[in-house]
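Participant: Got a structure for you, written out below as structure tokens; questions coming shortly.
All of the numbers you see were taken from the coordinates with simple rules; none came from a lab. Everything numeric in this text was worked out from a predicted model, so none of it was measured. We place every Cβ from the backbone using ideal geometry, glycine too, and count neighbours over all the protein chains shown.
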Amino acid sequence: MTEDEKLLALPKEDGRGAPADFTRSDPWRVMRIMGEFIEGFDTLSTVRRGVTIFGSARTGPDDPQYHAAVEVGRLLAEAGFDVITGAGPGIMEAGNRGAREGGGHSVGCNIELPFEQGSNPYVDTLVNFRYFFVRKTMFIKYSVAFIIFPGGFGTLDELFEAVTLIQTGKMYQFPVVLFGRHYWAGLVRWLQTRVLQEGKISPGDLDLMIMTDDPREAVDAVVSAYAAQRQRAEERGASPTAGGSSSAR
């Protein structure tokens, strides 16, 4: 069992119907969670201007999206941004590879899964997490932008968490770039014709996402947004490089 599965499982009882011993209980598990937060904060504290690239682990090296992610990673590195991924294969590997080729800093936040997922060979700084929510906090805290390639449930989860945090005012000036118009067009069209039309979101909420097929356009969007972050931080008297999205508050 993974640690996430243990955390979300029903409380266990011993043979007499009494709760299990304290070291297997949720209060004890909080200590492990705290330790994981501390390790993540400590290891990633030097990340500046991080951009997280999300996408499917199932995307092969021959896929055009893989090559596009390599190019995005390279351009980000050349522009002075650290590239963060989930450390796995597919699009994650491509983003880290591009950062390496661009002479930049490549970061991987790996996650414990029921099946083994090792880190890809292009990661410079690696952090291993047992809890998804701790890992997701690191992506948000140390990023100034998300670039989201075609992917599955995990990719969609990160996408909607990001736009929710922006929509609710938890983050500002945080670009969410959807790479691959053909892949994302159906989802955006559904949001427009169903979710927006029924009043579940506001018209401006759709402007939180940018769609493109061009690596240069994706990176330019990040550069422009970061400049806006710096300006906002200076107006508020905060450091524009202090921990990704938090710098824009």
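Participant: What share of the DSSP beta bridges in the range 48-248 is antiparallel, in percent to the nearest 5?
Facilitator: Approximately 0 percent, going by the DSSP bridge assignments.
Participant: In what sequence, highest mean first, do 97-107, 75-85, 186-196 appear when ranked by Cβ atoms within 10 angstrom?
Facilitator: 75-85, 97-107, 186-196
Participant: On to the next question. Evaluate E = 1/(1 + (r/R0)^6) for Ala185 and Glu78, where r is the Cβ-Cβ distance and R0 equals 35 Å; express this FRET efficiency to the nearest 0.05.
Facilitator: Calculated value: 0.75.
Participant: Just to confirm a number: summing +1 for Lys and Arg and -1 for Asp and Glu over residues other than Thr43 whose beta-carbon lies under 15 angstrom from that of Thr43, what do you get?
Facilitator: -1
Participant: Suppose R0 equals 22 Å. What FRET efficiency, 1/(1 + (r/R0)^6) with r the Cβ-Cβ distance, do Gln167 and Ser224 give to the nearest 0.05?
Facilitator: The pair Gln167/Ser224 has a calculated efficiency of 0.60.
Participant: The range 185-213 to the range 31-83: how many Å between their Cα centroids?
Facilitator: Each part reduced to its Cα centre gives a spacing of 26 Å.
Participant: Let me ask something additional. Relative contact order for the range 48-248: what is it in percent, counting Cα pairs under 8 Å that are at least 6 residues apart?
Facilitator: 21 percent
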